[in-house]
2 protein chains.
Amino acid sequence: MSYFRHHIFFCLNERPAGQASCAHNGAQDAFDHCKARVKAEGLAGPGGVRVNKAGCLDRCAGGPVAVVYPDETWYTFVDREDIDEIVESHLKNGRPVERLMLPPDIGR
Amino acid sequence: MSYFRHHIFFCLNERPAGQASCAHNGAQDAFDHCKARVKAEGLAGPGGVRVNKAGCLDRCAGGPVAVVYPDETWYTFVDREDIDEIVESHLKNGRPVERLMLPPDIGR
């Protein structure tokens, strides 16, 4: 069994001013919101969900991005409603959110 | 297929002075060394290996720690030789390193 049922990593990488990066596109707010929602839903902890900060996930062309393991599900998101849907559907109920998935050819 | 065959996350969390944390126990050096070794071996990139920075992975009692996904393999390590073994055995040849695995009951 996985130590965490769903382990989601948010890219919070910040590049120098003038360069696009997840941190300049709402990633910190999305991370904070996800962490708060997971806690409020009672999902946090071993056997449950872990919401994690990460450095550059190297799929910048689709940023801001997050990845859920061990599911291998990559997401791109725009606002808190997207995060709410990932929490409710995927992290709580195990149903990945198709509409927010990163296309497989999106890289750096 | 997974975007990265092996995606390893190192906890680089640093707590205030006086408190134990992975960052105070060689995590940054281990991360740097792993990243350099993976690059030197030609393993880096999509379809291959990604070496990632992460915040606290919440298994501090076994720190410094790293986790390989989608394999769900958690490691604790002491020195560069441990990292070399993880790179050579697991990340290059797909054989997890039993002697470095984090016991399942190790948490925060």
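Computed from the coordinates by the stated procedures, all read-outs in this text should not be read as laboratory data. Nothing here was measured: the structure is a model prediction, and the numbers come from that model. Cβ coordinates were reconstructed from backbone atoms using ideal geometry, including for glycine residues, and neighbour counts include every protein chain displayed.
Taking the condition closer than 21 Å to B:Phe10 by Cα and either among the aromatic types (Phe, Trp, Tyr) or within 11 Å of chain B (Cβ to nearest Cβ) (or both), does A:Pro70 pass? Walk me through it before giving the result.
Values: closer than 21 Å to B:Phe10 by Cα: yes; either among the aromatic types (Phe, Trp, Tyr) or within 11 Å of chain B (Cβ to nearest Cβ) (or both): yes.
Yes, satisfied.
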**Item:** Failed condition for A:Met1, given (1) more than 12 Å from every other protein chain (Cβ to nearest Cβ); (2) more than 13 Å from the chain's Cα centre (by Cα); (3) part of a loop (DSSP other than H, G, I, E, B)
**Value:** (1)
**Message:** Of all residues being among the hydrophobic types (A, V, I, L, M, F, W, C) and surrounded by fewer than 18 Cβ atoms within 10 Å (Cβ to Cβ) in the range B:24-42, which is farthest from the chain's Cα centre (by Cα)? Just the residue, please.
**Reply:** B:Ala40
**Among the residues listed as A:Arg50, A:Arg80, A:Arg5, A:Arg37, the single one being of a type in the set (Lys, Arg), in contact (Cβ under 8 Å) with a residue 40 or more places away in the chain and touching a strand residue (DSSP E or B) at 6+ places or on another chain (Cβ under 6 Å)** = A:Arg50
**Asked** For B:Phe31, which of the numbered conditions (1) assigned to a helix (DSSP H, G or I); (2) in contact with a strand residue (DSSP E or B) (Cβ under 6 Å, 6 or more places away or on another chain); (3) more than 26 Å from A:Lys35 (Cβ to Cβ) fails to hold?
**Response** (3)
**Fill in**
Looking across the range B:73-108 at residues that are of a type in the set (Ser, Thr, Tyr) and under 23 Å from A:Thr73 (Cα atoms), the single one that is nearest to the other protein chains (Cβ to nearest Cβ) is B:Thr73
**Request:** Quick one: in the range B:73-83, of everything that is under 11 Å from the mean Cα position of the chain (by Cα) and in a helix (DSSP H, G or I), which residue is farthest from B:His7 (Cα to Cα)?
**Result:** B:Asp82
**Asked** In the range B:4-23, which residue that is part of a strand (DSSP E or B) and either surrounded by fewer than 18 Cβ atoms within 10 Å (Cβ to Cβ) or of a type outside the set (Val, Ile, Thr) (or both) is farthest from the other protein chains (Cβ to nearest Cβ)?
**Response** B:His6
**Asked** Restricting the range B:39-59 to residues that are outside any loop (DSSP other than H, G, I, E, B) and touching a Gly at 6+ places or on another chain (Cβ under 8 Å), which is nearest to B:Arg108 (Cα to Cα)?
**Response** B:Ala54
